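What follows is one structure encoded as structure tokens, with my remarks underneath.
The values are calculated or read from the model by the stated rules, or taken from the named source; none is laboratory data. Remember, it's a predicted structure, so these values are computed and weren't measured experimentally. Virtual Cβ from ideal backbone geometry, glycine too; neighbours counted across all protein chains shown. These accessible areas exclude ligands, DNA and RNA; they are computed on the full protein's heavy atoms, side chains included. Shrake-Rupley method; radii C 1.70, N 1.55, O 1.52, S 1.80 Å.
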Amino acid sequence: MKSLQMKPQLVTWITRMVWAVLAGCVVGAFTGWAIARTLHIPQLDQLPTYRPASTTEVLAADGSQVATFALERRVELPPDQIPDNLKLAIVAIEDGNFYNHGGVDPKAILRAVIGSIKTWKLGGQGGASTLTQQLARDLFLSRERRIARKIREMFLALDMEKRLSKDQIISMYANQIYFGQGAYGVEAASLLYFDKPAIELELYEAAMLAGMIQNPERLHNPIRNPEGTKNRRDRVLGKMFELGFIDQGSYRAGLEAPLGLELHKAHTDNGAYFLEHVRRKIENDYGTNTLYKGGLQVDLTMDPGLQKAAEAAVREGLVELETNHLGFRRPPNVVKDGRAQDAVSYIDPSWQQLSLVPGDMVRAVVLEVSRSKARLRLADREAEFGIAAAKWTKASSLKRILRPGDLVFVRLPDPLPEDDEAVLSVELLQEPEIEGALLAMDNRTGAVLAMVGGFDFERSEFNRATQSKLQCGSAFKPFVYLTAFEAGYTPADTLFDAPFLLPDAIGELTYCPKNYYNKYYGITTLRRALEASFNASAVKLQDMVGGQAVVDTAKAMGISTELHPYASLALGTLGVRLIDLVRAYAGFANLGEIPQPYFIAEVRDRDGRQLERFFPTLERGASAPATYLLLHVLEGVVERGTGMKARALDAHLAGKTGTTDEYSDAWFVGSSPRITVGVWVGRDHKAPIGKRMTGAAAALPIWIRFMEVYLETLDEAARAERFSIPAGVVFSAVDRYSGHLVVPACSTGSEVILDAFLDGTEPNITCEEDDPALRDLPWLFQQAYYAPRDGEPMPTPEALICADDRFKPDEDEDEDAPT
């Protein structure tokens, strides 16, 4: 072998032989065609218009990027956006003769042949493939080391050089090549390693990227091997200087520069349920290939600030319920359940991309426990807490409630210590078993501004905001009252709230709707009955206006799930989706016009051409005057009814609570003049949330937490905005209990409210001095003073059993609501 290197004439002979072989392949048209067909070389007619697989980019409503969908993380750049220093760096280290050969470099082949002879291994020396050959291999071939593949690669390179300019080839190569850490192409690599676009790269940064190409995951990876990467970068700079691409001053400056890594940190806000919903829709509409390789640009309706607030409201609200109301339960133990041999070796999946945020809630594993202190580990950090940080558990000793290997939920300190090695002082929490969902929608457009489908997407991808069909309890009652108002009833009309019987499926009088704690109120206005959520009155009113009419109203207002005119429908016993309920309540705020919900505002292709754009539409579901009567009553729910906790927000709001049997589902859906927000809390398998976990106790605090953030985004005028009042609506001062017009003679003792009526339907009966005394009588004694409406079911001796305290209520009327 040594003599082979010492005889120039032998080298010359081999060079001539290589040229002869190549000339024979190129000039011999028939032979080349036959070989091409035999070796199955791909057709290249579409090569000038080839586009590499590109990342689909998802943008929030403010233009910020919230997600990407791709098999390969890649951002394609046009040739003029790839800086010359990067192109030249790649050429210098990968193919110094690039601008002089026609796709195949005989000298490089000669070096490879000699290397193979020396090592007795095909490709033992390497370096034979030109940039064009590498591109051909990456686009069309595999990396198997076989002569047939090599010949196909050479033919492809020669053909590509005929069809493409050198700048097109180097640009395609720069967009195609892999740079480690999942980054394909120079733009993705530049954003990953330097957190800036490729066009802004300095010479030494471009040289580092070019040096990574041959071994991006290990030897030349700046994260795993910074020293090896710097040596490789310096070699690239040397090659550039040797080839005359840079002057000596630039070369020296490049050598003295540090690697300069500025790793891009991934967006930490979740929005996972929103993004998964969008991903599924794009995949369904455009196909899997386009979603992951087509480079789509997708504009969402998501408001990033409100999405963050929604995530925080649900997570904080559910944790607060667990710690303050449901009590401590033993956490899972990773050693006992076989997830780890010991606590020290355990790695929680949530730690993979953990970014410590002050005040955030994270999982940690218990390492040691004493009576007064527990030592923990979370990812690569150590943490601890004392018994004072677990006082909500009511334990006198931490050893009574914890053991090594327990996987606990803790809150990080705020602020975090400046020393990255410092032990974190955390607070013990409890990861909820209950679930929750929140959806916020723009009333006028239907744009979904924020959506949370559960406590933790990693724990469960099931989206309870769009996929669950859940009993909504009293949150369904507004459809009953809207049907009544459309039929001519007014909020001041009265019913007799008392136990009564209705026929079951076979016609027997067995169904008896019951109020909370079986307490009944006798003569009551429709307003009071809905504000305080009286069950018996709601079922009675549905019976009077017709169950099918209520079904028709709910369907007209956007409820898409199957409904039947059962008597219990008034109490929300049939399943509905949160998104449908939010849409319907947005229709209440819009005076009967319901919006079409949407998540995607616009879709463009990789070149920015519009493929799809959503134009908001409204459908008339109910008349504006009748809907306003309902809306005005729902304002009363917040002002003095089951939703009165929301009155602290100091804004014009309307909404309704909902609680199902045995406290298994808790709801609050409410509106401001601009947005509607719905919250559900419950368990995936129907079971009680906890004792007295009504809509007001479990769901409303989460709604309030979110609305506080939303209202802070408004200026003073927007925050003071009122619901619109349609033509044909007038107001009169009435007694909330009797519905009578209030006059000075009997105003004392009356609860006077300014109620809404369709013009001409105001009450014509004035209040009387004994009205307050009448309302204070037990319901059974009030019956003698009440004239039933036509068709109104009234108490019978058989129905009196409903008032027995041994019977439990079916549904919600909030026990805290003033009655």
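Laid out as a table, the results:
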quantity	calculated
Search result, residues across the stretch 179-193 that are open to solvent by 10 Å² or more (accessible area, probe 1.4 Å), assigned to a helix (DSSP H, G or I) and either within 16 Å of residue 220 (Cα to Cα) or at pLDDT 90 or above (or both)	187, 192
Of all residues making up the stretch 708-760, the number that are of a type in the set (Ser, Thr, Tyr), without any contact (Cβ under 8 Å) to a residue 40 or more places away in the chain and crowded, with 18+ Cβ neighbours inside 10 Å	1
Positions within the stretch 669-705 being part of a helix (DSSP H, G or I) and surrounded by fewer than 24 Cβ atoms within 10 Å (Cβ to Cβ), in sequence order	697, 701, 704, 705
Criterion: touching a His at 6+ places or on another chain (Cβ under 7 Å) and modelled with pLDDT of 95 or more - qualifying residue of 668, 599, 614	599
Pair list, Cβ under 7 Å, 6 or more apart: the stretch 679-702 residue free of Cβ contacts under 8 Å to residues at least 12 places away in the same chain, other residue open to solvent by less than 60 Å² (accessible area, probe 1.4 Å) and part of a loop (DSSP other than H, G, I, E, B)	none
Among residues of the stretch 721-738, those that are assigned to a loop (DSSP other than H, G, I, E, B), under 46 Å from the mean Cα position of the chain (by Cα) and either within 20 Å of residue 521 (Cβ to Cβ) or not polar (S, T, N, Q) (or both), counted	9
Count of the stretch 318-334 residues which are open to solvent by 10 Å² or more (accessible area, probe 1.4 Å) and under 23 Å from residue 693 (Cα atoms)	10
The stretch 587-626, residues that are loosely packed, with under 14 Cβ neighbours inside 10 Å and polar (S, T, N, Q)	610, 617
Those residues of the stretch 134-165 which are open to solvent by 40 Å² or more (accessible area, probe 1.4 Å), assigned to a helix (DSSP H, G or I) and of a type in the set (D, E, K, R), in sequence order	138, 150, 152, 159, 162, 163
Filter result (surrounded by 21 or more Cβ atoms within 10 Å (Cβ to Cβ) and either touching a strand residue (DSSP E or B) at 6+ places or on another chain (Cβ under 7 Å) or among the basic types (Lys, Arg) (or both)) within the stretch 547-563	557, 558, 559
Failed item in (1) in a helix (DSSP H, G or I); (2) under 21 Å from the mean Cα position of the chain (by Cα), with residue 270 passing the rest	(1)
Residues within the stretch 459-481 that are under 15 Å from residue 314 (Cα atoms) and out of contact with any His (no Cβ under 7 Å at 6 or more places or on another chain), tallied	4
Residue under evaluation residue 460, criteria (1) at pLDDT below 95; (2) open to solvent by 20 Å² or more (accessible area, probe 1.4 Å); (3) farther than 30 Å from residue 280 by Cα, criterion not met	(3)
Of all residues in the stretch 739-767 being touching a helix residue (DSSP H, G or I) at 6+ places or on another chain (Cβ under 6 Å) and assigned to a loop (DSSP other than H, G, I, E, B), the one that is modelled with the highest pLDDT	767
The one condition in (1) in a helix (DSSP H, G or I); (2) open to solvent by less than 30 Å² (accessible area, probe 1.4 Å); (3) over 30 Å from residue 754 (Cβ atoms) that residue 666 fails to fulfil	(1)
Residue pairs meeting the criteria (Cβ under 8 Å; at least 6 apart or on separate chains; first among the small types (Gly, Ala, Ser), in the stretch 603-622; second assigned to a loop (DSSP other than H, G, I, E, B))	621/557; 621/558; 621/592; 622/557; 622/592
Meets criteria (in contact (Cβ under 8 Å) with a residue 24 or more places away in the chain and under 17 Å from residue 319 (Cβ atoms)) for residue 433	yes
Qualifying residue in the stretch 765-783 (condition: closer than 22 Å to residue 630 by Cβ, open to solvent by less than 60 Å² (accessible area, probe 1.4 Å) and not small (Gly, Ala, Ser))	no
Every residue from the stretch 335-369 that is within 21 Å of residue 392 (Cα to Cα) and open to solvent by less than 50 Å² (accessible area, probe 1.4 Å)	359, 361, 362, 363, 364, 365, 366, 369
Output for the stretch 591-621, where each listed residue is within 21 Å of the chain's Cα centre (by Cα) and in a loop (DSSP other than H, G, I, E, B)	596, 597, 599, 614
Residue match in the stretch 438-454 (condition: modelled with pLDDT under 95 and either open to solvent by 20 Å² or more (accessible area, probe 1.4 Å) or on the phi > 0 side of the Ramachandran plot (or both))	no
Residues of the stretch 629-663 satisfying the condition of being part of a loop (DSSP other than H, G, I, E, B), at pLDDT 95 or above and surrounded by fewer than 23 Cβ atoms within 10 Å (Cβ to Cβ)	651, 652
Residue in the stretch 278-300 that is open to solvent by 50 Å² or more (accessible area, probe 1.4 Å), hydrophobic (A, V, I, L, M, F, W, C) and part of a helix (DSSP H, G or I) present	no
Residues within the stretch 553-575 that are touching a residue at least 60 places away in the same chain (Cβ under 8 Å) and either in a helix (DSSP H, G or I) or under 21 Å from the mean Cα position of the chain (by Cα) (or both), tallied	8
Filtered residues of the stretch 768-798 (kept if part of a loop (DSSP other than H, G, I, E, B), farther than 11 Å from residue 749 by Cβ and not small (Gly, Ala, Ser))	777, 778, 786, 788, 789, 790, 792, 793, 794, 795, 796
Residue within the stretch 210-232 that is touching a helix residue (DSSP H, G or I) at 6+ places or on another chain (Cβ under 6 Å) and surrounded by fewer than 16 Cβ atoms within 10 Å (Cβ to Cβ) present	yes
Residue match in the stretch 479-493 (condition: assigned to a loop (DSSP other than H, G, I, E, B), closer than 19 Å to residue 694 by Cα and not aliphatic (A, V, I, L, M))	no
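This table checks each residue for (1) in contact with a Lys or Arg (Cβ under 6 Å, 6 or more places away or on another chain); (2) modelled with pLDDT of 90 or more; (3) of a type in the set (Asp, Glu); (4) assigned to a loop (DSSP other than H, G, I, E, B).
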{"site": "89", "(1), (2), (3), (4)": "no, yes, no, no"}
{"site": "109", "(1), (2), (3), (4)": "no, no, no, no"}
{"site": "114", "(1), (2), (3), (4)": "no, no, no, no"}
{"site": "123", "(1), (2), (3), (4)": "yes, no, no, yes"}
